[in-house]
Amino acid sequence: MSPLRILVDADACPVKEETYKVAFRRGVPVRVVSNARLRVPEHPLVERIVVSGGFDAADDWIAEEADARSVVVTADILLAERCLKAGATVLGPTGKPFTTSSIGAAIATRAIMADLRAGGDQLGGPAPFTKADRSRFLQALDEALIRLERRA
C-alpha cells in the first residue's frame, strides 16, 4: 500500500501555505508540482517537483502519481477527473471536493463556458478568493486526510 500523501497542482494554487500547515500537523508528505521552480518550505515532508514546460506536463505527472492514498489539490477540472479515475481524493482550493458524482456536471459547465467565450461573449471571471475559502479548504483537507488515515 502506498503511503498517504498530498499532491499539489502548484502553478496557480492559492492554498499552498494552508496545505503545508495541515500536512505538517498530520505528518503527511506533500509533493508540490509545477512547471517552474517555486519557493517551498525547507522541510523533510515537502518535495518540489519541477516538470518540463510542456503543455499539461504537471497535470500528467500528478495524474500518473495519484492513487487511492493521495489527496490532490487542484482547480483544474480535467485533472480532477483523471485523478478521481485513479481513486484519489480531489479538493479544489475553496475546499469543495470533486467527486465522481459531481465531475460530469463540472466538465459540462466548463465546456459551455468555453463555447460562450469562443463565441465572443463577455463573461465575468471566478469570484474573488476569500478568507472563508481558505478556512473551508483547511477543514476539507484535514477531513480528507482523517478519512484516508482511517481506511488504512
Subject >> Residue satisfying all of: in segment 106-149; at pLDDT 65 or above, among the charged types (D, E, K, R) and surrounded by 12 or more Cβ atoms within 10 Å (Cβ to Cβ); farthest from residue 13 (Cα to Cα) among these >> reply: 149
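With the condition being small (Gly, Ala, Ser), out of contact with any strand residue (DSSP E or B) (no Cβ under 6 Å at 6 or more places or on another chain) and modelled with pLDDT of 95 or more, I'd like the helices (runs of 4 or more DSSP H) fully within segment 15-105 carrying at least 1 qualifying residues. Steps first, please.
Details: elements: 16-26, 57-65, 77-85.
Hits in segment 15-105: 57-65.
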**OP:** Note down all Cβ pairs under 9 Å where the first residue falls in segment 6-31 and is in contact (Cβ under 8 Å) with a residue 24 or more places away in the chain and farther than 19 Å from residue 88 by Cβ, the second is surrounded by fewer than 19 Cβ atoms within 10 Å (Cβ to Cβ) and among the basic types (Lys, Arg), and they're at least six residues apart or on different chains.
**Re:** 14/134
Original post:
residue 47 is checked against (1) touching a Pro at 6+ places or on another chain (Cβ under 9 Å); (2) within 17 Å of residue 78 (Cα to Cα) and fails just one. What number does that condition carry?
Top reply: (2)
**OP:** Take segment 1-10 and flag every residue that is part of a loop (DSSP other than H, G, I, E, B) and either surrounded by 15 or more Cβ atoms within 10 Å (Cβ to Cβ) or among the hydroxyl-bearing types (Ser, Thr, Tyr) (or both).
**Re:** 2, 4, 10
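The values are calculated or read from the model by the stated rules, or taken from the named source; none is laboratory data. Small disclaimer: the values here were computed from a predicted structure and weren't measured. Using ideal geometry, Cβ is built from the backbone for each residue, glycine included, and neighbour counts are taken over all protein chains shown.
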